[in-house]
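K.L.:
Pasting a structure here, questions to come.
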Amino acid sequence: MQKLLIVDGSNLLFQMFYGMPARIVGKSGRPVHGTIGFVGALMKIIRMVRPTHAVVLFDGEHENPRAALDPAYKANRVDYSQMAEDDTPFSQLADIYLALDFMGIKHAETTDCETDDIVAAYVLNRTDDADIVISSFDSDYFQLISTNVSVLRYRGKGTTFCGEKYIWEKFGIGADKYADMKALCGDASDNIRGVPRVGPKTAARLINEFGSLDGIMQNANRIKQPALRESILMNLDRLLLNRQLITLTGGAALPFETEELEFIMPEFTSVQALKALGII
C-alpha cells in the first residue's frame, strides 16, 4: 500500500532553527544549525514512517488570504523583515532545498495560500485508501485525521503519532469535530479570539450535546448555563468567522500530483548528504 509523507517544512525549520545551537557554522562561514537539524530530523522521520511517496511544503512570501477575513489573524507573529538575515530561519532555506534535491524529495513553496491548505488538498482529494502521515506540530492538522491519516509530532525519542484515538482521549471529541472545537475556543498561536467562557472541556461538552458547531449555534437558547448561553449568543458572528479561518477545505491547487512524489529510501546519512553538498 502507498504511504504518503507530507512534511510541513516551515514548521520543522522553525523547530530546528530555534532548537539547535546557533553557533554552528558551515564551510561558507554562515550559520547552518537549522539546516543540520532539519536534515537530521527529516531523515529520522523518514525512517520512522518509511513512505513510498514524500513531499515537503513551505510557506512562501505572499499576502495571507485569511488576514483579509480578519486583520488580527497571525498579527502576533514575529516580523522577520526587521531582523538581520542570518538571524532568521529563512536564511538557511537555500541549503535545505539543496539537501532535499540531493535526497530526491520534492518540495514547494505556497504562492497564494498556507501550507495547511495544500496539505488538506492532498488529504481531502485523494482517490484511494493510501495512508498519509502529516509531520508537523501545527494542531490545525488534527481536523484532517481519519482512519488512514495521522499526524506525526517529531521530538526525537518523544515523537508522537496522533490518530483518531489520540484526539478522542485528549479532547473527548472525534477528529472530524476538531475544527468546531477550535472555532469555539479560538487559537492563541494564530491570534484567533475564542468565545469567552468556552475552553476545550466546555467546547467538547457542547459539541457532544448538540452534535456540531451548527447544532450549538442553532440551539444556543437551550444551553442551560445563563452566562455561557449569553456568551454563545453574543458571539455567533465570531464563531462563523472562526470557522472560516480554521477549517481546511482542500480547495488549494496541488504543486505536484501524488504520482510525482514517489520516493526511494536513502542509503546515506544526513551528515554524508550535508558533506557531499559542501554545507559542512
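Bear in mind these aren't lab numbers, they're just calculated from the coordinates by the rules spelled out. Since the model is a prediction, treat every value here as computed from it, not as a measurement.
K.L.:
Enumerate the lysines that Lys44 could reach by cross-link, defined here as Cα to Cα under 21 Å, with residues fewer than 8 away along the same chain left out.
P.N.:
Within the straight-line cut-off, Lys44 pairs with Lys3, Lys106, Lys157, Lys275.
K.L.:
Anyone know which of Phe142, Phe38, Phe256 comes out most mobile in the 10 Å Cα GNM of the chain?
P.N.:
Phe256
K.L.:
Check Lys3: other-chain or 5+ apart residues with amide H under 5 Å from its amide H, H built from backbone geometry?
P.N.:
So Lys3 has HN proximity to Thr52, His53.
K.L.:
Something else about it: Compare Ala54, Ala68, Ala130 in a GNM of the chain, Cα atoms joined below 10 Å, and give the one with the largest fluctuation.
P.N.:
Looking only at Ala54, Ala68, Ala130, the largest GNM fluctuation is found for Ala68.
K.L.:
Which whole-angstrom value gives the distance between the alpha carbon centres of segment 64-79 and segment 105-131?
P.N.:
22 Å
K.L.:
What list of ³J(HN,Hα) values in whole Hz, one per residue of segment 178-185 in order, does the Karplus curve 6.51 cos²θ - 1.76 cosθ + 1.60 (θ = phi - 60°) give from phi, with Gly and Pro shown as x?
P.N.:
My calculation for segment 178-185 gives 5, 5, 4, 4, 5, 4, 6, 8 Hz in order.
K.L.:
Between Gly251, Gly174, Gly186, which gets the highest mean-square fluctuation from a Gaussian network model of the chain, Cα cutoff 10 Å?
P.N.:
Comparing Gly251, Gly174, Gly186 in the GNM, the peak value goes to Gly251.
K.L.:
Shifting gears a bit: Which of the lysines could a cross-linker bridge to Lys201, judged by Cα under 21 Å and excluding same-chain residues fewer than eight apart?
P.N.:
Straight-line reach from Lys201, under 21 Å: Lys165, Lys170, Lys177, Lys182, Lys224.
K.L.:
When the helices in the chain are scored as -39500 (n - 2.57) per DSSP H run of 4 or longer and the sum is shared across all residues, what 222 nm value do you end up with, to the nearest 500 deg cm²/dmol? It would help to have the intermediate numbers written out before the result.
P.N.:
On the way: 12 runs with 112 residues, N = 280.
Rounded to the nearest 500, the figure is -11500 deg cm²/dmol.
K.L.:
Cα atoms only, the chain: Rg and Dmax in Å?
P.N.:
Over the chain's Cα set, Rg and Dmax evaluate to 20.3, 66 Å.
K.L.:
Starting from 0 in steps of 5 Å, tell me what percent of the Cα-Cα pairs of segment 55-127 lands in each bin.
P.N.:
So the P(r) values, bin by bin, are 3, 13, 18, 21, 21, 14, 7, 3, 0.
K.L.:
Take the eigenvalues of the Cα gyration tensor for segment 88-138, scale each by 5, and report the square roots as semi-axes in whole Å, largest first. Please report the intermediate quantities before stating the final value.
P.N.:
On the way: eigenvalues 113, 44, 22 Å².
Gyration-tensor ellipsoid for segment 88-138: 24, 15, 10 Å.
K.L.:
Let me ask another. Before anything else, pin down the relative contact order of the chain: Cα pairs under 8 Å, at least 6 apart, normalised by residue count, whole percent.
P.N.:
Normalised by residue count, the contact order of the chain is 24 percent.
K.L.:
Quick one: what do you get for segment 170-246 if you divide its Cα Rg by 2.2 N^0.38 Å? Don't jump to the answer; show the numbers that get you there.
P.N.:
Numbers: Rg = 11.1 Å, N = 77, 2.2 N^0.38 = 11.5 Å.
Taking the Cα Rg and dividing by 2.2 N^0.38 Å, one obtains 0.97.
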